[in-house]
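Here's the structure we're looking at; comments come further down.
The values are calculated or read from the model by the stated rules, or taken from the named source; none is laboratory data. Please read all numbers here as calculations on a predicted model, not as lab measurements. Positions of Cβ are generated from backbone atoms using ideal geometry, with glycine treated the same way; all protein chains shown enter the neighbour counts. Each accessible area value is taken on the protein alone, full model and side chains, heavy atoms only, with ligands, DNA and RNA left out. Shrake-Rupley method; radii C 1.70, N 1.55, O 1.52, S 1.80 Å.
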Amino acid sequence: MDSPREILKRHGLRAKHSWGQNFLGDPDALQAIADALVLREGEPVVELGPGLGHLTRFLAATGAHVTAVERDRDMVAVLEKEAIPGVRVVSGNAATVDFAQVAGAPEIALVGNLPYHLTSPILFQVLAQRAHISRAVFTLQKEVVVRLAAEPGNRDYGLLTVLLGLHFDVEQVLTLEAWRFHPPPKVDSAVLRLTRLKKPRAPLVDEARFTRLVKASFAQRRKTLINSLKSDKGLAPPEVMLAALRTAGIDPGRRAETLSPEEFAAIERALGPVTAMAPPPPDAPEEDTSSEE
C-alpha cells in the first residue's frame, strides 16, 4: 500500500490544512484501529472521512460491508479511482449524514479519523443516532480523548463526557504519535472506542432536559453546582432546582465535574414532569480550566 505522500503526489493533490486533513498511513496503527472495531464478516460499517482510503482497505479486509462517507470531492475522486473492492463511496458531510440510512442497514458500526473542528458536531450526531450505532471507534486529538474518557472528579471531565457516559462505555484504546500522520499534526492523537450500553446507566424523564441540565452545570464550572444551574433560568426556578438537588441527594455546593452521569440523571428525574420551559440561553463553550489552580 502506497504512503499518503505517494498517493497525493500521484493524483496531484496536497493535504488541505483548512479541512484538518492529516492522513494516517502507518500499517500497524491502521490494523490496530480496525481490530478495535471488532468487525464481523458482512457487518455494515460506516467510515467517516476515509480520505485516501488507507483505513478503508483494512476495514474491507475484514469482510465487512464498508460505506465510506467523504465530503472532499478530491478525496472522493481518489477513492473512486483506487476502487477498493467491497467499498461503496458516498459523497456527504459526516456531521449531518444519517449513518444507518447511508449504509442501508438498521444498525451499523462507525469509524473515522475526525478533524478537530468536527469532533463535537459528530459526537452529538452519535448521541442523536445511537439507537442505530452498536459501537464507534474514532481517532481524535489525544487531549480530546482524555477528556471524553475522564472519570468524575477529574478536571478534564466535561459535558460530552457525561452525555456519552450515560449511553456508552467510553475507553481510550490506543495512542498515535504525530509522526505517524502526513502531514504531522502539532499534537498527538488517540483512538476512542464507544460501545453502546443495552440501556442507559440511569433512567430519565426527558432526554432534552437532561442535556440542557448538564450543559448549564458546566457553563460556569468553577462555580458551585447550584450557581452554575442558575445560568439557565428557564430550566426551573432556583427554589425548585434546589429542592431537586436535595431530593436527588446532591450537595448544591459540589462542582459539576464531581458528578457521575447517574447523579445528573437523578437531578433530572427529581425535577418531575416536564412543563413548558423558556428557551435556553445561547450556547457557550465550557470554561477553560487549563490555568486553574
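For every residue, the table says whether it meets (1) outside the structural domain of G51 (by the TED database); (2) on the phi < 0 side of the Ramachandran plot; (3) touching a strand residue (DSSP E or B) at 6+ places or on another chain (Cβ under 9 Å); (4) part of a strand (DSSP E or B).
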position: L140; (1), (2), (3), (4): no, yes, yes, yes
position: P152; (1), (2), (3), (4): no, yes, no, no
position: R155; (1), (2), (3), (4): no, yes, no, no
position: L164; (1), (2), (3), (4): no, yes, yes, no
position: L174; (1), (2), (3), (4): no, yes, yes, yes
position: K186; (1), (2), (3), (4): no, yes, no, no
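Considering the range 189-215, and only residues there that are in a helix (DSSP H, G or I), in contact (Cβ under 8 Å) with a residue 12 or more places away in the chain and not charged (D, E, K, R), the residue that is farthest from I133 (Cα to Cα) turns out to be L213. Scan the range 79-91 for residues that are touching an Asp or Glu at 6+ places or on another chain (Cβ under 9 Å), open to solvent by 20 Å² or more (accessible area, probe 1.4 Å) and not β-branched (V, I, T) and jot them down. Of everything in the range 79-91, just one residue is touching an Asp or Glu at 6+ places or on another chain (Cβ under 9 Å), open to solvent by 20 Å² or more (accessible area, probe 1.4 Å) and not β-branched (V, I, T), namely S91. Flag not set for L110, criterion: out of contact with any strand residue (DSSP E or B) (no Cβ under 7 Å at 6 or more places or on another chain) and under 23 Å from A32 (Cβ atoms).
Do we have any residue at all in the range 42-54 that's small (G, A, S), open to solvent by 60 Å² or more (accessible area, probe 1.4 Å) and out of contact with any Leu (no Cβ under 9 Å at 6 or more places or on another chain)? Before you say what the answer is, go through the steps one by one.
In the first step, residues of the range 42-54 are kept if they are small (G, A, S); the result is 42, 49, 51, 53.
If we keep only those that are open to solvent by 60 Å² or more (accessible area, probe 1.4 Å) too, we end up with none.
No, the conditions are met nowhere in the range 42-54.
Condition check: open to solvent by less than 50 Å² (accessible area, probe 1.4 Å) and either among the small types (G, A, S) or farther than 16 Å from L30 by Cβ (or both). Does V170 satisfy that? In short, yes.
Taking helices (runs of 4 or more DSSP H) as the structural unit, those lying wholly within the range 225-274 and holding at least 1 residues that are within 26 Å of the chain's Cα centre (by Cα) and at pLDDT 95 or above correspond to 225-229, 261-270.
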